[in-house]
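The values are calculated or read from the model by the stated rules, or taken from the named source; none is laboratory data. The shown structure was predicted, so the numbers you read here are calculated from the model rather than taken from an experiment. Here the Cβ positions follow ideal geometry from the backbone for every residue, glycine too, while neighbour counts run over all protein chains shown. Note: accessible area is taken over every heavy atom of the protein model, side chains too, but ligands, DNA and RNA are not part of it. Shrake-Rupley method; radii C 1.70, N 1.55, O 1.52, S 1.80 Å.
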Amino acid sequence: MNIEHIFNNNRQWIAEKLNKDPEYFKKLASEQNPEILYIGCSDSRVTTGDLMGIEPGDMFVHRNIANMVSNTDLSAMSVINYAINNLKVKHVVICGHYNCGGVKAAMQAEDMGILNPWLRNIRDVYRLHKDELNAITDEEQKYNRLVELNVQEQCVNLIKTAEVQKALRHQQITVHGWVFDIHTGHIIDMKIDFNKILKDIMEIYRLE
Ligand SMILES: [Zn+2]
């Protein structure tokens, strides 16, 4: 990868956009109206826009290692707050992916330094679903399942925030749990039953 290529590609991209619509950048600069907040992994292979055919301006994005929604993460919490309260997004997507290095690291007994507290959140997901995961003998399948359960638990963490609770009650907002299958390119909708989850967790986590 030659860094100069990036600038060449950029100039080419500008030309293509202007060729299709001379007003493209004027419109892009005027405002953003995304309907989707996407929370995904930082993994370089999961290129959000490309794999969904999403154009600039369509999606508000937050990415971190293993698509976590940690309530002490000021960055993630600010993104969620702004997307819901100001941008009024209609959908929040948490998208994990198979072969996630963050999830894999959390399955191993290894001191990862500064990453320890971050990966601890994934170990907590494992602990919550220990019986199901320990019953899976195939390591690859277990790893895949932890990726899925991590998405589900991050959706639960999302519902624990005051912003999402308020939005679920007063606006039309839908939370989605997806997994990107890196082996085939497909996005899999986990079809998580949020009404059930909501009922289960609201007894304890209701904020308003
Ligand atoms: Zn990942």
Per residue, how much accessible area does the range 81-208 show when a 1.4 Å probe rolls over the protein heavy atoms, in square angstrom? 55 Å²
Loop only by DSSP, 12 or fewer other Cβ within 10 Å of the Cβ. Give me the trypsin sites (Lys or Arg not before Pro) in the range 21-88 that pass, ordered by residue number. R45
Compactness of the range 1-151, expressed as Rg and Dmax over alpha-carbon positions, Å: 18.9, 58
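Share of Cα-Cα pairs in the range 64-193 beyond 25 Å, in percent?
Cα-Cα pairs of the range 64-193 separated by over 25 Å account for 27 percent.
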So the carbon and sulfur contribution to the accessible area of the range 25-116, 1.4 Å probe, in percent, is 52 percent
On Cα atoms only, tilt of 115-128 relative to the major axis of the chain in degrees: 50 degrees
Given the range 108-159 reduced to its alpha-carbon atoms as identical point scatterers, what log10 I(q)/I(0) does the Debye formula return at q = 0.13, 0.21, 0.29 Å⁻¹? -0.33, -0.81, -1.16
Mind checking which of N67, N144, N19 has the largest fluctuation in a GNM of the chain, springs on alpha carbons under 10 Å? N19
The range 131-208: trypsin sites (Lys or Arg not before Pro) in DSSP coil with no more than 13 other Cβ atoms inside 10 Å: K191, R206
